[in-house]
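**Q** Let me begin by handing over the structure; questions about it come next.
The values are calculated or read from the model by the stated rules, or taken from the named source; none is laboratory data. Quick caveat: nothing in here was measured; it's all calculated off a predicted structure. FYI the Cβ positions are ideal-geometry reconstructions off the backbone, even for glycines, and counts take in every protein chain you see. Protein only, heavy atoms only, side chains kept; ligands, DNA and RNA dropped before computing areas. Shrake-Rupley method; radii C 1.70, N 1.55, O 1.52, S 1.80 Å.
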Amino acid sequence: MTTTVAVVGSTGSIGTQTIEVVAADPDRYRITALAAGRSVDALIDQARAVRPEVVAIADAGLRDRLAAGVPEGTTVLAGAEALAEVAAMADVCVNGVVGFAGLPVTLGCLEAGKRLALANKESLIAAGPVVQRARRTPGAELVPVDSEHAAVHQCLRANDERARVSRIQLTASGGPFRGRTRDELLDVTIDDALAHPTWSMGPKITIDSSTLMNKGLEVIEANELFGHPAGDEGFDVGFDEIDVVVHPQSIVHSMVTYSDGSTIAQLSDPTMHLPIGYALAYPDRFRSPFGAIDWTQPMTLEFSAPDTEAFPCLELAYVAGRLGGTAPAWLSAANEEAVDAFLKGGIRWVDIPLVIETVLDAHDGDAGTTLEAVLDGDAHARALATAELGRLGVAR
Ligand code: MG
């Protein structure tokens, strides 16, 4: 039987890799829908190569250009709602949208009772309770594509007794600035921060990786996916049991430690093809290998604790996660604004955590769990971040 796949955010890093994964097993998987935000020419090229039934673009002004470029007979959708609509159109939706903009896609897929292969962590982090409700839709299923969470998902399936899980260890490469002190980080450039040592990813997540905010967001993501009593996993592991371990080789993608002291880890070379294929095939396994390790070659694996003084974003994420309510939405929104300003040359790298901390300090304790509360929180946090960026002299 063929599994149909909708790829949302198809022109980005996760989207293009999903197309490659599906091409590796065309008998089992078929892409029926492709959707992108604004990259219309890249989307047209993809549509000509992949021949989906539906293409969608979020920017409605690009509809005519898209329609003129895609093969005859392709259904063309456009506008803000189009991506969420596409998310409900196949057996599996791969959500590779960048940032908070991925939320309607996450909800559109789960509320349609389909499998969500989730690479867009921000939707889950900012709107945790909203997504948890959507996960309870009959037929809905969330399989993580984020490599660490795909690893934990696999490690958890090493034991039938979920109550025996004692800790989750998320591994972090440490990014390009691993080992540097706070002082040594004062003058790092955009290019320095974009030069990730092990992973090839889009710019937003690469900067998040350099600040360790990516790992902080992943701690909240892990709590939502695996620790939340309402989650699929059904056991109560929370922020106190989720650790971050720096592992520069990016071979161990994360680990689960059980009550008897045994740690189960998932290992492969760093490639997103594997977790994408895992999320498509689960509970089966993808039939062709991605990132398989050559165990005949010598290899050294190192592990150490993160430096929370040089990388304060990690602790800020724990603070926001423990606050709960709309605090993770505030954190994620402030981070998006700060990273955007950094990428445009407006602030220094070391200012990123300062902007986020200022915003988070102003959190009003809103424990709201509705979509409206999340959207309000997101907007308010962005306004506070913009004000702080203005105070730092950044024109917005
Ligand atoms: Mg990750």
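**Q** Check Ile251, Ile242 and return the single one that is surrounded by fewer than 24 Cβ atoms within 10 Å (Cβ to Cβ) and touching a Leu at 6+ places or on another chain (Cβ under 6 Å). Quick ask: steps written out before the conclusion?
**A** On the way: Ile242 fails: touching a Leu at 6+ places or on another chain (Cβ under 6 Å).
Checking each option against the conditions leaves just Ile251.
**Q** Continuing with the same structure: Tell me, yes or no, whether the stretch 191-203 has at least one residue that is within 14 Å of the ligand (Cβ to nearest atom) and within 30 Å of Gly325 (Cα to Cα). Full working, then the answer.
**A** Filtering the stretch 191-203 down to residues within 14 Å of the ligand (Cβ to nearest atom) leaves 196, 198-202.
Narrowing further to those that are within 30 Å of Gly325 (Cα to Cα): 201-202.
The answer is yes, given that some residue of the stretch 191-203 is within 14 Å of the ligand (Cβ to nearest atom) and within 30 Å of Gly325 (Cα to Cα).
**Q** Among Gly324, Gly346, Gly277, Gly291, which is the only one that is of a type outside the set (A, V, I, L, M) and touching a Pro at 6+ places or on another chain (Cβ under 8 Å)? Explain how you work it out, then say what you get.
**A** Values: Gly324 fails: touching a Pro at 6+ places or on another chain (Cβ under 8 Å); Gly346 fails: touching a Pro at 6+ places or on another chain (Cβ under 8 Å); Gly277 fails: touching a Pro at 6+ places or on another chain (Cβ under 8 Å).
Going through Gly324, Gly346, Gly277, Gly291 in turn, the sole match is Gly291.
**Q** Here is a follow-up. Here are Gly231, Gly227, Gly175, Gly216: which of them is small (Gly, Ala, Ser), surrounded by 15 or more Cβ atoms within 10 Å (Cβ to Cβ) and at pLDDT 95 or above?
**A** On the way: Gly231 fails: at pLDDT 95 or above; Gly227 fails: at pLDDT 95 or above; Gly175 fails: at pLDDT 95 or above.
Unique residue meeting the criteria: Gly216.
**Q** Can you find, within the stretch 151-164, the residue that is farthest from the ligand (Cβ to nearest atom) among those that are among the aliphatic types (A, V, I, L, M) and surrounded by fewer than 24 Cβ atoms within 10 Å (Cβ to Cβ)?
**A** Residues of the stretch 151-164 among the aliphatic types (A, V, I, L, M): 151-152, 156, 158, 163.
Now restrict to residues that are surrounded by fewer than 24 Cβ atoms within 10 Å (Cβ to Cβ): 156, 158, 163.
Numbers: Leu156: 17, Ala158: 20, Ala163: 27 Å.
In this case the residue turns out to be Ala163.
**Q** Only one of (1) open to solvent by less than 60 Å² (accessible area, probe 1.4 Å); (2) among the small types (Gly, Ala, Ser); (3) closer than 27 Å to Ala134 by Cβ fails for Ala367. Which number is that?
**A** (1)
**Q** For the stretch 88-100, indicate whether the set of residues that are within 16 Å of the ligand (Cβ to nearest atom), touching a residue at least 40 places away in the same chain (Cβ under 8 Å) and small (Gly, Ala, Ser) is non-empty.
**A** Going residue by residue through the stretch 88-100, those that are within 16 Å of the ligand (Cβ to nearest atom) are 94-99.
Checking which are touching a residue at least 40 places away in the same chain (Cβ under 8 Å) leaves us with 94-99.
Still in the list and also small (Gly, Ala, Ser): 96, 99.
Yes, the conditions are met somewhere in the stretch 88-100.
**Q** Just to be sure, is Pro129 open to solvent by 30 Å² or more (accessible area, probe 1.4 Å) and within 20 Å of Asn223 (Cα to Cα)? Steps first, please.
**A** On the way: open to solvent by 30 Å² or more (accessible area, probe 1.4 Å): yes; within 20 Å of Asn223 (Cα to Cα): yes.
Answer is yes for this residue.
**Q** Could I ask something else about it? Quick one: is Val7 touching a residue at least 60 places away in the same chain (Cβ under 8 Å) and in contact with a Leu (Cβ under 6 Å, 6 or more places away or on another chain)? Steps first, answer last, please.
**A** Working: touching a residue at least 60 places away in the same chain (Cβ under 8 Å): yes; in contact with a Leu (Cβ under 6 Å, 6 or more places away or on another chain): yes.
In short, yes.
**Q** Starting from residues that are of a type outside the set (Lys, Arg) and crowded, with 20+ Cβ neighbours inside 10 Å, keep the ones in the stretch 133-146 and report whichever is farthest from the chain's Cα centre (by Cα).
**A** At the first step, the residues of the stretch 133-146 found to be of a type outside the set (Lys, Arg) are 134, 137-146.
The next check asks that each one be crowded, with 20+ Cβ neighbours inside 10 Å; those that pass are 134, 142-146.
On the way: Ala134: 18, Leu142: 13, Val143: 12, Pro144: 9, Val145: 8, Asp146: 6 Å.
Applying the filter and picking the extreme gives Ala134.
**Q** So which helices (runs of 4 or more DSSP H) are wholly in the stretch 267-352 and hold at least 2 residues that are open to solvent by 60 Å² or more (accessible area, probe 1.4 Å)?
**A** Details: elements: 273-281, 313-323, 327-343.
Here the list reads 313-323.
**Q** Counting residues that are surrounded by 24 or more Cβ atoms within 10 Å (Cβ to Cβ), which helices (runs of 4 or more DSSP H) fully inside the stretch 30-99 reach at least 3? Steps first, please.
**A** Numbers: elements: 40-50, 63-69, 82-87.
Of the helices (runs of 4 or more DSSP H) lying wholly inside the stretch 30-99, those with at least 3 residues that are surrounded by 24 or more Cβ atoms within 10 Å (Cβ to Cβ) span 82-87.
**Q** Taking the condition near the ligand (Cβ under 9 Å from one of its atoms) and part of a helix (DSSP H, G or I), does Lys215 pass?
**A** Numbers: near the ligand (Cβ under 9 Å from one of its atoms): yes; part of a helix (DSSP H, G or I): yes.
Yes.
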